[in-house]
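Trainee: This is the structure I want to talk about, given as structure tokens.
The values are calculated or read from the model by the stated rules, or taken from the named source; none is laboratory data. Remember, predicted model here, so these are calculated numbers, not experimental data. Note: ideal-geometry Cβ built from the backbone for every residue, glycine included; neighbour counts use all protein chains shown. Please note that ligands, DNA and RNA were not included when accessible areas were found on the heavy atoms of the full protein model with its side chains. Shrake-Rupley method; radii C 1.70, N 1.55, O 1.52, S 1.80 Å.
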Amino acid sequence: MKHPAEQHVMYRSNGEGQWFRTIWESQCPSKDVCGLKCQGIDGHMGCHWAYKQDGSYAFWKNETDKDLDENIAGGWTPPDHDSYVNPADKYNDYYMKHSSSSEVLDKDIIKSLEMGISPEPHASIDTPISEEEVRQLRAEGILPED
């Protein structure tokens, strides 16, 4: 298992004292020559891949996958091309799709979370918005009035 700091971890509350911990698989660290970061999970097989700002599908050779065609170097395919890979077709390969959740039962961890203190570095805490925060956002015009 990877060191937890390499993975995205989130604690979330239902606002009634119940907490859940979700951990996502690490994102592949590979980058293409233009700086695009692969959107697959760390250690995946097949080409590295990402989508450019213009929507083009970018791909480049995964040196760790010895079964890939030796002639593959990389490239990108615009959305209007016949061989374009639609993002919906890559959904199951996207690193943020790979997660697992469990309920937090440790009372000391729950106490820390209720105070906004994460039990591990780099983990995020997600809680429901309070009524006071809703009033403030409405007063600022960010949320509409009921």
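Trainee: Among rounded, prolate and oblate, which fits the chain when a ≥ b ≥ c are the square roots of the eigenvalues of its C-alpha gyration tensor, a/c under 1.5 means rounded, and a/b larger than b/c means prolate?
Mentor: Here the chain falls in the oblate category.
Trainee: How would you order 40-50, 84-94 from highest to lowest mean count of nearby Cβ atoms within 10 Å?
Mentor: Numbers: 40-50: 18.1, 84-94: 12.2.
The packing order, highest mean first, is 40-50, 84-94.
Trainee: Roll a 1.4 angstrom probe over the protein heavy atoms and tell me the percent of accessible area of the chain that is carbon or sulfur. Before the final figure, lay out each step's value.
Mentor: Numbers: 5030 of 10060 Å².
C and S fraction of accessible area: 50 percent.
Trainee: Given Cβ point charges of +1 (Lys, Arg) and -1 (Asp, Glu) and nothing else, what value in debye, to the nearest 20, does the dipole of the chain about its Cα centre take?
Mentor: On the way: 14 positive and 27 negative charges, 59 e Å.
For the chain, the charge dipole is close to 280 debye.
Trainee: So what is the relative contact order of region 11-146, in percent, for Cα pairs below 8 Å that sit 6 or more residues apart?
Mentor: On the way: 186 pairs, mean separation 36.2, N = 136.
Normalised by residue count, the contact order of region 11-146 is 27 percent.
Trainee: How many lysine pairs in region 1-118, separated by 8 or more positions in sequence or lying on different chains, have Cα atoms less than 22 Å apart?
Mentor: Eligible lysine pairs with Cα atoms under 22 Å apart amount to 18.
Trainee: In terms of modelled amide H atoms, which long-range or inter-chain residues lie less than 5 Å from the amide H of residue 27?
Mentor: So residue 27 has HN proximity to 42.
Trainee: Moving to a separate point now. Return the sequence-ordered ³J(HN,Hα) values of region 93-100 in whole Hz as given by the Karplus equation 6.51 cos²θ - 1.76 cosθ + 1.60 applied to θ = phi - 60°, using x for Gly and Pro.
Mentor: Result, ordered by residue: 8, 5, 4, 6, 6, 9, 8, 9 Hz.
Trainee: Still on this structure, please answer the following. Calculated from DSSP H runs of 4 or more alone, at -39500 (n - 2.57) each and per residue, what is the 222 nm mean residue ellipticity of the chain, nearest 500? Could you put the intermediate results ahead of the total?
Mentor: Numbers: 3 runs with 21 residues, N = 146.
Here the helix-only value at 222 nm equals -3500 deg cm²/dmol.
Trainee: Can you tell me the accessible area per residue over the chain, all protein chains present, probe 1.4 angstrom, in square angstrom? Working shown, then result.
Mentor: Numbers: 10060 Å² over 146 residues.
Result: 69 Å² of accessible area for each residue.
Trainee: Follow-up question, since we're still on this one. Give me the three principal axis extents of region 1-81 from the C-alpha atoms, as integers in angstrom, largest value leading.
Mentor: 55, 31, 19
Trainee: Between 83, 95, 55, whose Cα lies farthest towards the positive end of the dipole of region 1-107 when Lys and Arg beta carbons carry +1 and Asp and Glu beta carbons carry -1, centred on the Cα centre?
Mentor: About the Cα centre, the residue reaching furthest to the positive side is 95.
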